[in-house]
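Engineer: Let me begin by handing over the structure; questions about it come next.
The values are calculated or read from the model by the stated rules, or taken from the named source; none is laboratory data. Here the structure is a predicted model, which means the values were calculated and not measured. Virtual Cβ from ideal backbone geometry, glycine too; neighbours counted across all protein chains shown. Side chains included, ligands, DNA and RNA excluded: accessible areas come from the protein's heavy atoms. Shrake-Rupley method; radii C 1.70, N 1.55, O 1.52, S 1.80 Å.
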Amino acid sequence: MRRLFPGAGKADFAIDFGTANTRVVSADGGVLFDEPSLCCFAGRVDAGELVTAGAAVGPM
């Protein structure tokens, strides 16, 4: 796990922003989140509203 704040104690979790999936893993090795790295927005690109993210985007 990479430390964002060195010297701040033990990290509680790690985030892996992979190209296919985004994963969040706890310090004890448990997977807290493992979803496709997909997002669906409505409206303009610069002011769009997030509709959904992760596996829920697939059927769209």
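Engineer: If you split all Cα-Cα distances of the chain into 10 Å bins from zero, what percentages do you get per bin, shortest first?
Structural biologist: P(r) for the chain, in whole percents per bin: 20, 35, 28, 15, 1.
Engineer: With each label point set 7 Å from Cα along the Cα-Cβ vector, what nm distance links residue 44 and residue 27?
Structural biologist: Here the answer is 4.5 nm between the modelled labels.
Engineer: If you take every residue apart from residue 35 with its C-beta less than 12 Å away from the C-beta of residue 35, what net charge results, scoring Lys and Arg +1 and Asp and Glu -1? Working shown, then result.
Structural biologist: Numbers: positive: 23; negative: 16, 34.
Around residue 35, the charge tally is -1.
Engineer: Turning to a different aspect of this structure: How large is the dipole of the chain about the Cα centre if only Lys and Arg carry +1 and Asp and Glu carry -1, each at its Cβ, rounded to the nearest 20 debye? Show your work: numbers first, answer last.
Structural biologist: Working: 5 positive and 7 negative charges, 43 e Å.
So the magnitude is around 200 debye.
Engineer: Within the chain, what whole-number % of the accessible surface is contributed by carbon and sulfur, with the 1.4 Å probe and all protein chains included in the calculation?
Structural biologist: Details: 2890 of 4910 Å².
Its accessible area is 59 percent carbon and sulfur atoms.
Engineer: For residue 34 and residue 13, compute 0.36 nm times the residue count separating them, minus their Cα-Cα distance, and round to one decimal in nm. Write down the numbers at each step before the final one.
Structural biologist: Working: separation 21, 0.36 × 21 = 7.56 nm, distance 1.32 nm.
The span from residue 34 to residue 13 would gain 6.2 nm if fully extended.
Engineer: Show me the chymotrypsin sites (Phe, Trp or Tyr not before Pro) within the stretch 6-53 that DSSP assigns to loop and that have at most 11 other Cβ atoms within 10 Å of their Cβ. List each step's numbers first, then the result.
Structural biologist: Working: sites: 13, 17, 33, 41; in loops: none.
Listed in order of number, the matching sites amount to none.
Engineer: Below 8 Å, C-alpha to C-alpha, sequence gap of six or more: please give me the relative contact order for the chain in percent.
Structural biologist: Values: 82 pairs, mean separation 12.0, N = 60.
Dividing the mean separation by the residue count of the chain yields 20 percent.
Engineer: Another question about this same structure. Would you mind getting the accessible area per residue of the chain, heavy atoms of the protein chains only, 1.4 Å probe, in Å²? Don't skip to the answer; put the middle values down first.
Structural biologist: Working: 4910 Å² over 60 residues.
For the chain, the per-residue accessible area is 82 Å².
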